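A.B. asks: One structure follows; several queries about it will come next.
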Amino acid sequence: MELQLGLALPPPPLIPIETFDLNSYGNYETREALGTNALSWPLLKLGPADNDINNIHHHNSSSSSSSSGGGAGCKKRSFDEAPFFDEKRNVPKTLHLLLWTNQPNDEDDDPSNVLHENSSSAIFKNDGEGLVGWPPVKTWRKKVHHQIPNGGAENNRLPAVENGIGGRASKSTYVKVKMEGVPIARKIDLSVHHSFEGLTNTLMRMFGISDGNRKSFKLTYQDREGDWLLAEDVPWRTFIRSLKCLKLIRSRG
Amino acid sequence: MHKKMAFSFPDEVLEHVFSFIQSDKDRNAVSMVCKSWYEIERWCRRKVFVGNCYAVSPRMVIRRFPEFRSIELKGKPHFADFNLVPDGWGGYVFPWIAEMAGAYPWLEEIRLKRMVVTDESLELIAKSFKNFKVLVLSSCEGFSTDGLAAIAASCKNLKELDLRDCEVDDLSAHWLSHFPETYTSLVSLNISCLGSDEASFSALERLVRRCTNLKTLRLNRAVPLDKIANILRHAPQLVEFGTGTYTADVRPDVYSDLAGVLSSCKELKSLSGFWDVIPDYLPAIYPVCSKLTSLNLSYATIQSPDLIKLVSHCPNLQRLLVLDYIEDSGLEVLASSCKDLQELRVFPSDPFGAEPNVSLTEQGLVAVSLGCPKLQSVLYFCRRMSNEALVTIARSRPNFTRFRLCIIEPKTADYLTLEPLDVGFGAIVQYCKDLRRLSLSGLLTDRVFEYIGTYAKKLEMLSVAFAGDSDLGLHHVLSGCESLRKLEIRDCPFGDKALLANAAKLETMRSLWISSCAVSFAACKLLGQKMPRLNVEVIDERGPPDSRPENCPVDKLYIYRSIAGPRFDMPPFVWTMDEDSGLRLS
């Protein structure tokens, strides 16, 4: 199919899609015409209909291990450890766990509806300030770019940078957060928070601290001079501008 | 089988023949010819590559390959580079080091990508492997300069220490002094990711002076320009060099020092670094430009005229990384000067700006595609594209193996016709028959996926964002792309159907990442239950997925094939769907 710009493209060809016939699985090569069955969701409710699937799954694994005349794929199973996968092995490329049809989506399983219903999984996570991880530029590249002077050629001298990674002038500002007693540090994007309450809520969730236990933790931060301070002692703006990293400590008494 | 093979070679002969086979794919093929070849091959495999550290356990690898000398491991999914994988997800190398330290002390090379490496791991490496030679950490994190000090102090035969793109806790620059005065075997050192203002220049200088085999040296930003001459003076044999900060008060003595010392580096083929460049110092590198094959200017914040001057001095350039300051005009000059160009990466100088700040458009990419006959790999950030340009690019450059285009604003249509860019990308996959890697962007419908499924038969890695209309798109890719190994998707209207209808395909791939799409928790559970050889990981920082209705989409889903079973080092926001998940969660 030659792609000619300017000509109307032919409609997409009917792609022969392998159908999954529950009754005669094992026929990998079958290329039947599309079934006209409606989408069958019962597979998701693990009920009596599941029996067929279980049988067929076992049939699948036993048939490939017992077949003798096959190619390299069969021999692999006789070894003690399964060696690394061979992409050319003859496996069914489309094991259907449900029937595929070309019918338009029913209203209740339209993915875009489901997407809208759950705003917490909506695309814009940064409250409209920008997408997480987009454009796909590595973090340290983002930081470097914002050292760039606006003037261009005249502005040759750039300010010396504090550390090799550069300042945090980019829109997504990630800082390290550690919790006392937890070896693994996390990172949090400061640009999506505008208050201590919002920040604390996120941190509680991140480290799995329940509401009841909230009071036993205090948020501290390390400023540019290296001193550790209590977060709530300073106004939000000061906090944001001077902090380098955060730490949750257990408050005593 | 053995008895029937009257003409079989003795094992030693076969082993000798196998020693010429280096590629993992070929070695894997060899190992499947027959049982005796499997046995011979496994005993003489010296380099092991594990593309996903959770696909297999360290013990399994060691059991199968008892005498390997070199291992390469990859951890986190690629989208971790863009902060899409929450911290703490996994990818810890320590269990591997611990198993290997116990198994045999003759390991020589460790190469890691996107893994969490602790100081403890580094100390264990330093202690356990007496003949340790190569440590390459690419995009790794979790360690500090203390760990590096341990490596420096103990690894007497270290040849290569490469920390490209790592996040290192910079406690002290004095780790460099831990290389003993008797240590001279360094061949390659890349510390470009390190910070630390108080760089230990004298220790660095002494190290460079006594390591006369040093071929690669990539400094970090903290090394000032006037110190470079002192360092380079002792290393005229360098082949690859990365400067530190390339700015200083313009002083004639600094300039002439630098120019003089650079021109004595007759073997120099690759330059990088160039942080904070001021154009006045650029001509210092002109004498070496004619031999350069690789140039990384992606931190060089200089404008088009200076870039053009520089690039026109480099007729033998094969690889160029540059910021979009080069503009279309610069790329046109590149196209006419650098006929050997194979790889081009153009990064955005202002990725978050709403308006274009430079005159870089699709024209630059068209110019390079038309002018550079050997161009095969491209990563290009721009703000507009047209189907016409893409078709021209595809027709003129069918030898592309990697084509990654990022149009900065999601869902941007063809700026000339306002249509989707389906036809343009379709042309890319149709004409570039050897295309192995593709990244899509712009306004795209299901149609582009139909083209990809139909034509991209050699495609191994596909990155998709903000594209498609329905599950049909994903279905085209999963059912059509025969060579697909890695698929990463974000923010597309793909749901359960395509995924479930192509479940077996997932076992033939290394991994699938799908985030901010419409795959329901119910589908994840079903996949996990029915596909025991897949690890189906639901990553969701909102809380347990079963605290929401089953048909709710999960935030992030990472599916990968594994013979090691589900892992046990998951943080609280990751759940593996398996046979028991239905019982465990409710």
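Every read-out reported here was derived from the displayed coordinates using simple, explicitly stated rules and does not represent laboratory data. Computed from a prediction, not measured in an experiment: that's the story for all the values here. Every residue, glycine among them, receives a Cβ derived from its backbone with ideal geometry; neighbour counts consider all protein chains shown.
A.B. asks: So if we plug the beta-carbon distance of B:GLU267 and A:HIS194 into 1/(1 + (r/R0)^6) with R0 = 45 Å, what FRET efficiency do we get, rounded to 0.05?
C.D. replies: With R0 = 45 Å, the Cβ-Cβ based efficiency is 0.25.
A.B. asks: Kindly state, to the nearest 0.05, the FRET efficiency for A:ARG214 paired with B:ILE563, given R0 = 25 Å and r defined as their beta-carbon distance.
C.D. replies: Efficiency, from the Cβ-Cβ distance: 0.05.
A.B. asks: Can you bin the range B:509-585 into rounded, prolate or oblate? Criterion: square roots of the alpha carbon gyration tensor eigenvalues sorted a ≥ b ≥ c, rounded for a/c under 1.5, prolate for a/b above b/c, oblate for the rest.
C.D. replies: Here the range B:509-585 falls in the rounded category.
A.B. asks: Follow-up. Which entries in the list B:LYS227/B:LYS291; A:LYS138/B:LYS133; A:LYS244/B:LYS556; B:LYS113/B:LYS156; B:LYS159/B:LYS215; B:LYS374/B:LYS486 go over 19 Å, if you measure between the two C-alpha atoms of each?
C.D. replies: In this structure, B:LYS227/B:LYS291; A:LYS138/B:LYS133; A:LYS244/B:LYS556; B:LYS113/B:LYS156; B:LYS374/B:LYS486 exceed 19 Å between Cα atoms.
A.B. asks: Oh, and also: Suppose R0 equals 25 Å. What FRET efficiency, 1/(1 + (r/R0)^6) with r the Cβ-Cβ distance, do A:ARG205 and A:LYS138 give to the nearest 0.05?
C.D. replies: 0.40
A.B. asks: How many partner chain Cβ atoms sit within 10 Å of a residue's Cβ in peptide B:487-497, on average, as a whole number?
C.D. replies: Per residue, the number of nearby Cβ atoms from other chains is 5 on average.
A.B. asks: Starting from 0 in steps of 10 Å, tell me what percent of the Cα-Cα pairs of chain B lands in each bin.
C.D. replies: It works out to 3, 15, 22, 26, 22, 10, 2, 0, in whole percents.
A.B. asks: Let me ask something else about it. For B:80-87, what's the mean count of beta carbons from other chains sitting within 10 Å of each residue's beta carbon?
C.D. replies: 6
A.B. asks: So how do A:227-234, B:240-247, B:567-574 stack up, highest first, on mean other-Cβ count within 10 Å?
C.D. replies: Final packing ranking: B:240-247, B:567-574, A:227-234.
A.B. asks: Of all the Cα-Cα pairs you can form in the range B:437-574, what percent are over 19 Å apart?
C.D. replies: The share of Cα pairs beyond 19 Å in the range B:437-574 comes to 47 percent.
A.B. asks: If you average 1/r over every pair of different alpha-carbon atoms in the range B:408-516 and take one over that average, what Kirkwood value in Å do you get?
C.D. replies: 13.6 Å
A.B. asks: Can you give me the distance in nm between label points at B:ASP169 and B:SER8, each placed 7 Å from the Cα along the Cα-to-Cβ direction?
C.D. replies: If labels sit at B:ASP169 and B:SER8, their model points lie 5.4 nm apart.
A.B. asks: Computed over the Cα atoms of the range B:40-82, what is the convex hull's projected area averaged over all directions, in nm²?
C.D. replies: So the Cα hull casts an average projection of 3.1 nm².
A.B. asks: Let me ask something additional. Give me the net charge for the shell around B:TYR183: Cβ to Cβ below 9 angstrom, other residues only, Lys and Arg +1, Asp and Glu -1.
C.D. replies: +1
A.B. asks: Fewest Cβ neighbours within 10 Å first, please rank B:HIS475, B:HIS78, B:HIS174 accordingly.
C.D. replies: Neighbour counts put them in this order, fewest first: B:HIS174, B:HIS78, B:HIS475.
A.B. asks: Remind me, what semi-axes does the range A:172-248 give for its equivalent ellipsoid, largest first in whole Å, using sqrt of 5 times each Cα gyration tensor eigenvalue?
C.D. replies: Equivalent ellipsoid semi-axes, largest first: 18, 14, 13 Å.
A.B. asks: A further question follows. Does a label point 7 Å from the Cα of B:ASP340, set along Cα-to-beta-carbon, have any residues of the range B:366-382 with amide nitrogen under 13 Å, and which are they?
C.D. replies: The answer is B:374, whose backbone nitrogens lie closer than 13 Å to the label point.
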